[in-house]
1. Among the residues of the range 188-205, are any part of a loop (DSSP other than H, G, I, E, B) and surrounded by fewer than 10 Cβ atoms within 10 Å (Cβ to Cβ)?
2. Does at least one position in the range 137-146 carry a residue that is in contact (Cβ under 8 Å) with a residue 60 or more places away in the chain, of a type in the set (D, E, K, R) and surrounded by 10 or more Cβ atoms within 10 Å (Cβ to Cβ)?
Amino acid sequence: MPRFEYVTQKRKGDSYVRSVIEGNSLAEVSIRLNNLNQPIVLIADPSRKTTAEKKERVSLRSKLTFLENLEASVYLGMDFRTALSICLSTTSTRDRSGKRMRHVIERLRDRVSKGMSFANAISSYPEVFDQVAIGLISAGEEGGTLTEALTNVRKIWSRNEDLRHRLLMMLIYPMIVMAAAGGVVWLLMTRVVPQFIGILGEMHAELPLPTLCLLNLSRLCTN
């Protein structure tokens, strides 16, 4: 059954909560959520990917840095053009992700300067801002709680970054152990076992099958 993401509040003024619900269609999910009598900010199908999203991505670290700088600037009362200019000057161009993020910020600044709302501007970049982030920022911009909305998006992205880092560490450790174990086995096959081949050959004794397999494997590794 398809899974849909939605953002809601238990009560108006509370922090936004991101959850997942299963349903046959977007219409069915909308009806079920409306029956909960809770403010629904956004309902999205995470399985749907746009062409732009498949083509280019910006690293989560680059997006977090941008959002942290933007959140601080908005909190200090700066207008969007000034805030985005600051974000542009503090975005690194050392890697492809940073260069892509700078390009996005430049376009956002141009669109906001022409009178477009920030929520509408970021909706043009689904490869950078997911539907949940767009919904939260749109609700915050309309309700006058943009700083809180940016904070909520940053917390969601930070949790995603932390989870990604932990999963990466969980994968790296077994790989290191396997590499070390492989190195030990290779050392045994190429250095230790060959020393016994000559000794066992001089004994002219009948060797069991596992020992013969081990000796043949050692010969294969050394030849």
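Nothing in this text is a laboratory measurement; each read-out follows from the coordinates by a stated rule. This is a predicted model, so every value here is computed, not measured. Please note: Cβ atoms are built from the backbone with ideal geometry, for glycine as well, and neighbour counts cover all protein chains shown.
1. yes
2. No, because not a single residue in the range 137-146 is in contact (Cβ under 8 Å) with a residue 60 or more places away in the chain, of a type in the set (D, E, K, R) and surrounded by 10 or more Cβ atoms within 10 Å (Cβ to Cβ).
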